[in-house]
Amino acid sequence: MSATSIDRVLEAIRRDLADPETWGAPVEMRNSLALCALNSAHSLRSHSTSVKNLLRRYRSHRVAAGADPEEDSGPDLIRVIDETGGPEAFARDILANDGKLPGTRRLPAEGIYEALTNLAELGIATTEQLRAAADDPAAERAWRSVIGLGAQSWAYLLMNAGVTSRTKPDVMVRRFLSRALGEEVTPVHATQLMTAAAESLGVDVRDLDRAIWLHESDADDDSSAEARA
């Protein structure tokens, strides 16, 4: 990664995103691993509106049951899915969403159930515990070993939980960077560029990620892009 590449990205950021003080706040469900998991898994190649709607439905279901969805742990979500009759019934009756994980025929609820179970077996049941394990390879494997959940969903899970040093290099972010460089940018390269640019600007990577995503989504409502709640 050359200094010239970073300079071009910084130039684009300063031109298109204005003062960091004006950037919108990143999405965060700081105390609810359940909401983080739902948002992360469903944000993969889904439209933002559908993700917001299913999160609203989950919140409404939990409030009606006398619970606080903003405090739901991973095991809480596993229990809700079990009580509903399993992932398929949960997706149909609670979320009203029949989307599939990328490259699979699996419902996101199936992947979420498996991934949260894996994390719970490592003693990770809350967002606080997830933040503490953000750099633990075992925790990352527990999530990413699930078919349909990959690097981007892991990064967004952490970002939603309050980890500020991560980026989700989705279609929107890579498009911005590719335009700045005049060439296609891979997810790995995008992560490197975002990290270096954020360090140069003295901002959190997550904040820069959000600012770029908002800029690109305002410019083009691309339903094929990964959604953000």
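The values are calculated or read from the model by the stated rules, or taken from the named source; none is laboratory data. In this text the structure is predicted, and so the values were computed from the model without any measurement. Methodologically, a virtual Cβ is constructed for each residue, glycine included, from the backbone with ideal geometry; neighbour enumeration extends over all protein chains shown. When the accessible area is computed, the model is the full protein with side chains, heavy atoms only, and any ligands, DNA or RNA have been set aside. Shrake-Rupley method; radii C 1.70, N 1.55, O 1.52, S 1.80 Å.
Among residues of the stretch 183-201 being over 22 Å from the mean Cα position of the chain (by Cα) and in contact (Cβ under 8 Å) with a residue 24 or more places away in the chain, the one that is surrounded by the fewest Cβ atoms within 10 Å (Cβ to Cβ) is 200.
Criterion first (in contact (Cβ under 8 Å) with a residue 24 or more places away in the chain, more than 29 Å from residue 140 (Cβ to Cβ) and more than 16 Å from the chain's Cα centre (by Cα)) does residue 64 satisfy it? Criteria not met by residue 64. Which of the residues belonging to the stretch 1-26 are of a type in the set (A, V, I, L, M) and modelled with pLDDT of 90 or more? Answer for the stretch 1-26, where residues must be of a type in the set (A, V, I, L, M) and modelled with pLDDT of 90 or more: 6, 9, 10, 12, 13, 17. For residue 180, are the conditions met, namely being under 16 Å from the mean Cα position of the chain (by Cα) and at pLDDT 95 or above? No; evaluated as a whole, the condition is false for this residue.
Per-residue answers, yes or no, for (1) open to solvent by 70 Å² or more (accessible area, probe 1.4 Å); (2) modelled with pLDDT of 95 or more; (3) charged (D, E, K, R):
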site: 31; (1), (2), (3): yes, yes, no
site: 40; (1), (2), (3): no, yes, no
site: 48; (1), (2), (3): no, no, no
site: 51; (1), (2), (3): no, no, no
site: 62; (1), (2), (3): no, yes, yes
site: 71; (1), (2), (3): yes, yes, yes
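For residue 114, only one of the following conditions fails: (1) open to solvent by 20 Å² or more (accessible area, probe 1.4 Å); (2) in a loop (DSSP other than H, G, I, E, B); (3) under 21 Å from residue 150 (Cα atoms). What is its number? Evaluating residue 114 over (1) open to solvent by 20 Å² or more (accessible area, probe 1.4 Å); (2) in a loop (DSSP other than H, G, I, E, B); (3) under 21 Å from residue 150 (Cα atoms) leaves (2) as the failure.
Can we say residue 91 is surrounded by 20 or more Cβ atoms within 10 Å (Cβ to Cβ) and modelled with pLDDT of 95 or more? So residue 91 fits the description; yes.
Residue-wise test of (1) open to solvent by 40 Å² or more (accessible area, probe 1.4 Å); (2) free of Cβ contacts under 8 Å to residues at least 60 places away in the same chain; (3) under 20 Å from residue 60 (Cβ atoms); (4) part of a helix (DSSP H, G or I).
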| residue | (1), (2), (3), (4) |
| --- | --- |
| 79 | yes, yes, yes, yes |
| 82 | yes, yes, yes, yes |
| 97 | no, yes, yes, no |
| 110 | yes, yes, no, yes |
| 134 | no, yes, no, no |
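Note on the stretch 6-50: residues that are farther than 17 Å from residue 91 by Cα, touching a Phe, Trp or Tyr at 6+ places or on another chain (Cβ under 8 Å) and part of a loop (DSSP other than H, G, I, E, B) amount to 1. So in the stretch 1-29, with the set limited to residues that are farther than 21 Å from residue 219 by Cα and within 23 Å of the chain's Cα centre (by Cα), which one is least open to solvent (accessible area, probe 1.4 Å)? Of everything passing the filter in the stretch 1-29, 29 is least open to solvent (accessible area, probe 1.4 Å). Kindly establish whether residue 55 is among the aliphatic types (A, V, I, L, M), in a helix (DSSP H, G or I) and surrounded by 16 or more Cβ atoms within 10 Å (Cβ to Cβ). For residue 55, the condition - among the aliphatic types (A, V, I, L, M), in a helix (DSSP H, G or I) and surrounded by 16 or more Cβ atoms within 10 Å (Cβ to Cβ) - is met.
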